[in-house]
1. Any idea which of ASP44, ASP54 is within 25 Å of THR133 (Cα to Cα), exposed (fewer than 13 other Cβ atoms within 10 Å of the Cβ) and under 15 Å from the mean Cα position of the chain (by Cα)?
2. Mind checking whether some residue in the stretch 75-88 is over 20 Å from CYS27 (Cα atoms) and at pLDDT 95 or above?
3. Scanning the stretch 19-40 for residues that are more than 12 Å from the chain's Cα centre (by Cα) and in contact (Cβ under 8 Å) with a residue 12 or more places away in the chain, which turns out farthest from ILE102 (Cα to Cα)?
4. Among the residues of the stretch 9-18 satisfying the criterion of being of a type outside the set (Gly, Ala, Ser) and either more than 14 Å from the chain's Cα centre (by Cα) or over 19 Å from ARG111 (Cβ atoms) (or both), which is modelled with the lowest pLDDT?
5. Tell me the residue from HIS21, HIS35 that is in contact with a Cys (Cβ under 8 Å, 6 or more places away or on another chain), buried (at least 17 other Cβ atoms within 10 Å of the Cβ) and outside any strand (DSSP E or B), please.
6. Restricting to the stretch 66-96, what's the tally of residues that are buried (at least 16 other Cβ atoms within 10 Å of the Cβ) and part of a helix (DSSP H, G or I)?
7. Out of ARG7, ARG55, report the one residue that is of a type in the set (Lys, Arg) and without any contact (Cβ under 8 Å) to a residue 24 or more places away in the chain.
Amino acid sequence: MTALQQRIGPHPDGAHLPAHHEQCLGCGVDNPHGHHLSVHREGDLVVATHVFDDRHVGAPGIAHGGAVATVLDDLYGFLLYLVGEPAVTRQLVVEYLAPVLIGTTYRLEARVDRREGRKLFVNAKVTALDGRTAATSTAVFVTVDAEHFTQARPSSAI
């Protein structure tokens, strides 16, 4: 069994989900520039709390939209642990409803809406702890064979 297959699942409700890999920009613990997301399963959702910091500034005091999109894209990657298959982002749409503030704690949650063949239709939201939704997102992921990830890296890195 490959490291990728071990990470993909299965994972019971409430489980902390493992990082995609140690250098992952979204969740990798060894990436000094990363977001270090810590994600768990809540039923059909994957959930994390996150605080954007000074590394993620766009306008003063506000997280860069690209940083928010990065976190959402990575959060979607954890849904694959529930689906049980690797997949890649085909389309990512983010609607920014309010500024995502630096130093504010946000709840991030994502779910699979439906599947059509290899396509997974997913959605997510970014909500401040006061209940204000700062961003919503939809995306389409396409399932791939594990070999897809060996095209750019040696298999030991996956």
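The values are calculated or read from the model by the stated rules, or taken from the named source; none is laboratory data. This one's a predicted model, so the numbers in the text were calculated from it and none came from an experiment. Using ideal geometry, Cβ is built from the backbone for each residue, glycine included, and neighbour counts are taken over all protein chains shown.
1. Values: ASP54 fails: under 15 Å from the mean Cα position of the chain (by Cα).
Of the residues listed, the single one that is within 25 Å of THR133 (Cα to Cα), exposed (fewer than 13 other Cβ atoms within 10 Å of the Cβ) and under 15 Å from the mean Cα position of the chain (by Cα) is ASP44.
2. Here is the first cut: in the stretch 75-88, the residues over 20 Å from CYS27 (Cα atoms) are none.
Scanning the stretch 75-88, I find no residue that is over 20 Å from CYS27 (Cα atoms) and at pLDDT 95 or above, so the answer is no.
3. The selected residue is HIS21.
4. Taking the stretch 9-18 first, the residues of a type outside the set (Gly, Ala, Ser) are 10-13, 16-18.
With either more than 14 Å from the chain's Cα centre (by Cα) or over 19 Å from ARG111 (Cβ atoms) (or both) added as a condition, the list becomes 10-13, 18.
Working: PRO10: 80, HIS11: 88, PRO12: 89, ASP13: 92, PRO18: 92.
Once the filter is applied, the top-ranked residue is PRO10.
5. Criteria check complete, one pass: HIS35.
6. The number of residues fulfilling the criteria is 17.
7. Values: ARG7 fails: without any contact (Cβ under 8 Å) to a residue 24 or more places away in the chain.
The match here is ARG55.
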